[in-house]
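Bear in mind that the values in this text are calculations on the coordinates, not laboratory data. Here the structure is a predicted model, which is why all the values come from computation and not from measurement. Here Cβ is always computed from backbone atoms with ideal geometry, including for glycine, and neighbour counts include all displayed protein chains.
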């Protein structure tokens, strides 16, 4: 069994570590594939660093489709050696489709996420969500979660229909091929780097920040003047993630930046 004291020291995400330990011990005891709640990618990577040396247990990250940002972690004994196909088939998630006529005011991912939370879905049981323009959104939630029953559902005064579907019925985001981006910028502010990484103007990036569509290391960005550092990750709703790999100051007092977009 795993002792919490071996992992909790100096870890920023103590509650997530505790949950992963709980699921790991369950997998060790039952000899079954056991899944955690949903974690953002920046937390998955951080806490799994602490577990890679375990002799008896292995871990597999999956969020319902390739390159999902919010995903569950499967824990299992190494000796049972499940295939990737077996692991994916055991994934404890289901699809949800929220449809409505949003012609004049398209909600954001957070709007749909908060809608589910307000109707009884726990936040850590919600995976990725992606918008479908004026038609609504789709996403992934825990298999055992269900929405509070009522006669009529409203999101921004628009009546919506909620349908639970198989994961194969979802129109998941296009799988992005990771690529390196090299740029030279006048500053290391988030608006400058996000503009270079996502290939849109700084004014549009600032507008997206004002509308709550940019996230830095999993947290919503509320100002465009934040200076970034190596290892920081920026997520832009429906546009993917950029990670800062290198920052180097040039002789001309500018910044040479290397990014990974995925």
- [ ] Assuming R0 = 35 Å, can you tell me the calculated FRET efficiency for the pair residue 179 and residue 26, based on Cβ-Cβ distance, to the nearest 0.05?
- [x] 0.35
Open item on the list: At a 10 Å Cβ-Cβ cut-off, how would you order 172, 36, 30, fewest neighbours first?
Closed with: 30, 172, 36
- [ ] At 0.36 nm per residue, minus the direct Cα-Cα distance, what do residue 152 and residue 166 gain on full extension? Give it in nm, one decimal, please.
- [x] 2.7 nm
Open item on the list: Testing the spin-label approximation: label points 7 Å from Cα along Cα→Cβ at residue 210 and residue 252. State their distance in nm.
Closed with: 3.1 nm
Open item on the list: I'd like the FRET efficiency for residue 103 and residue 66, computed as 1/(1 + (r/R0)^6) with the beta carbon distance as r and R0 of 30 Å, rounded to 0.05.
Closed with: 0.45
TODO: Distance between Cα centroids, the stretch 222-243 to the stretch 144-202: provide it in whole Å.
DONE: 14 Å
Task: Unit Cα scatterers, Debye sum, the stretch 5-89: log10 I(q)/I(0) for q = 0.11 Å⁻¹ - done: -0.27
TODO: Assuming R0 = 22 Å, can you tell me the calculated FRET efficiency for the pair residue 86 and residue 144, based on Cβ-Cβ distance, to the nearest 0.05?
DONE: 0.60
Open item on the list: Give me the three principal axis extents of the chain from the C-alpha atoms, as integers in angstrom, largest value leading.
Closed with: 60, 50, 30
Task: Radius ratio Rg over Rh of the stretch 179-261, counting only Cα atoms, Kirkwood formula for Rh - done: 0.93
